[in-house]
Amino acid sequence: MNKKVSVGALLAIVFISIAAAIAVTMSVSIAIYNKLIVDLPGRSQMYSGLSELDELVRKEYFGTIDSDALSSKTSAGYVSGLGDPNSFYMTAEEYVSYYSKLQGKTYGIGARVCLDSETGYIYVSRVFDNSPAYTSGLREGDRITSVEGTKATASNYNTLVEQLTGKKLSSVKLTYLRDGKTTEVSVVKGNSGQSVFFEDMGEVAYISITEFFSNTPSQLSAALEKVTSSSAYKSIIIDVRGNCEGDLEYAVKALDLIVPTAAEGQGSVAKVVDKNGNEIATYTSDAQTITMPMLVLTNGDTAGPAELFACDLRDFGKAQILGETTKGIGTATELFQLKDGSAVILTIGEILPYKSGSYNGVGIVPDYQVELSADKKAKFEMLTSQEDTQLQEAIKILSSGSTSSESEQTSQ
């Protein structure tokens, strides 16, 4: 039996369908609008104030306005206004330099240097094997007294050190002092960024990681291969004191060379959560692992990815930590390039290690509290291995076969 539907009922159904469609469309539109227009009142107030300032300056300012420089400084000021020391703006030129450094593509003479505060000279704290610096005769402990004929002083230290890096195969003239004798050499810039350093200390293998850059994992892999391929080494010291640069991704890749598959805890090497607690990044590991006794050296300048590295090695039961409480920068940053070639590094979330809670703002407390004296801290990069009481304590503990946190102690 056929049922007839009245025209009025049909029209009612049509109107209801149209209303429902409009309601859904409006709901979606509002959601999109809210995402696009974040904090509209705050942004309007800011733009209004900036517009008023710009109008005033362009009308009343006596000098000439460089629009490009003004735009760059405005962008830098905006990010600076966040009050976050880990977020910053870079010009296009600064971005190119930063990115090259992050990728380990900064070329130099193949030496690590620091300021000799007593003389103002550039102190050579490490010379890489087979580097241009090494083949030119530079050795650890030398003091560079001039660069391209300009005498080295404390005030021009940063400027002169910049001249030690640059275009590959370019050269730089140096004068250095050793045992009271000065020598002048021309050193070619051809050594790519080095962030991992290996040293034989008898039965203990010493590995220093200064930054976590793109080529750090491969350099660490090469150092670990030296250790595992020789029966001479019984234990490992990994030094991340002063390590405060690099990217979380590269720190995790370095960790993956030592720790097994993440299964306990959170089931991942690390996670990053946003301000609402939402997981925005997860880092995993494979089954490759190293089983030798291990200690990690930290200090108050160990920061960011290096803190995760030390924390996770302990969380996985691979190492204990010796030294001083770390800086406590447990946030993740991300690099965003802007349309004009400039870029911004922004803090995007908080890092959660394998098992431990967040170390952001509190740092990581070592198992063995070993403090350097004030005078040794002041010239930390110039210390010899024998003068480095933290390193010597680590060697002593590993040589005795005891890495129990029950022997926690403090020394100078």
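The values are calculated or read from the model by the stated rules, or taken from the named source; none is laboratory data. Please read all numbers here as calculations on a predicted model, not as lab measurements. Cβ atoms come from the backbone with ideal geometry, glycine included; neighbour counts cover every protein chain shown. Only protein heavy atoms, including side chains, enter the accessible area calculation; ligands, DNA and RNA are left aside. Shrake-Rupley method; radii C 1.70, N 1.55, O 1.52, S 1.80 Å.
Observations, loosely collected:
- Within straight-line cross-link reach of LYS327, aspartates and glutamates at Cα separation under 12 Å, skipping those fewer than 8 residues along the same chain: ASP301, GLU307
- Of all aspartates and glutamates in the structure, the ones whose alpha carbon falls short of 17 Å from that of LYS173, not counting any fewer than 8 places away in one chain, are ASP142, GLU148, GLU162, GLU184.
- Distance (nanometres) between label positions extended 7 Å along Cα→Cβ at GLU381 and LYS226: 2.1
- Most mobile of ILE351, ILE321, ILE280 in a GNM of the chain (Cα contacts under 10 Å): ILE280
- Antiparallel %, DSSP beta bridges [both residues in the chain], to 5: 75
- Cα pair count fraction exceeding 13 Å, expressed as % - the range 44-106: 74
- The share of accessible area on the range 47-190 that comes from carbon and sulfur is 49 percent, using a 1.4 angstrom probe.
- Sites matching chymotrypsin sites (Phe, Trp or Tyr not before Pro) across the range 62-138 that sit in DSSP coil, with at most 13 neighbouring C-beta atoms within 10 Å: PHE62
- Here the translational diffusion coefficient of the range 149-231 follows from Stokes-Einstein with Rh set to the Kirkwood radius across Cα pairs; for 20 °C and 1.002 mPa s it amounts to 136 µm²/s.
- Surface share of carbon and sulfur [accessible, 1.4 angstrom probe, percent] for the range 197-274: 45
- Value of relative contact order over the chain, rounded to a whole percent, pairs C-alpha under 8 Å and six or more apart: 12
- When Rg and Dmax are taken over the Cα atoms of the range 250-326, they come to 12.8, 40 Å.
- Seen from LYS168, the other residues with C-beta closer than 15 Å to its C-beta sum to a net charge of +4, counting Lys and Arg as +1 and Asp and Glu as -1.
- Summarising the strand pairing of the range 271-412, around 70 percent of its internal DSSP beta bridges are antiparallel.
- With at most 14 neighbouring Cβ atoms within 10 Å, loop GluC sites (Glu not before Pro) (DSSP) excluded, longest segment of the chain: 265-386
- Principal semi-axes in Å for the chain [√(5λ), Cα gyration tensor, largest first]: 50, 33, 19
- Using a simple spin-label model with pseudo-atoms 7 Å out from Cα toward Cβ, SER44 and VAL57 lie 2.5 nm apart.
- Whole-number accessible area per residue in Å² for the chain, which is evaluated in the context of all protein chains at 1.4 Å: 55
- Equivalent ellipsoid of the range 177-336: semi-axes from √(5λ) of the C-alpha gyration tensor, largest first, are 29, 21, 15 Å.
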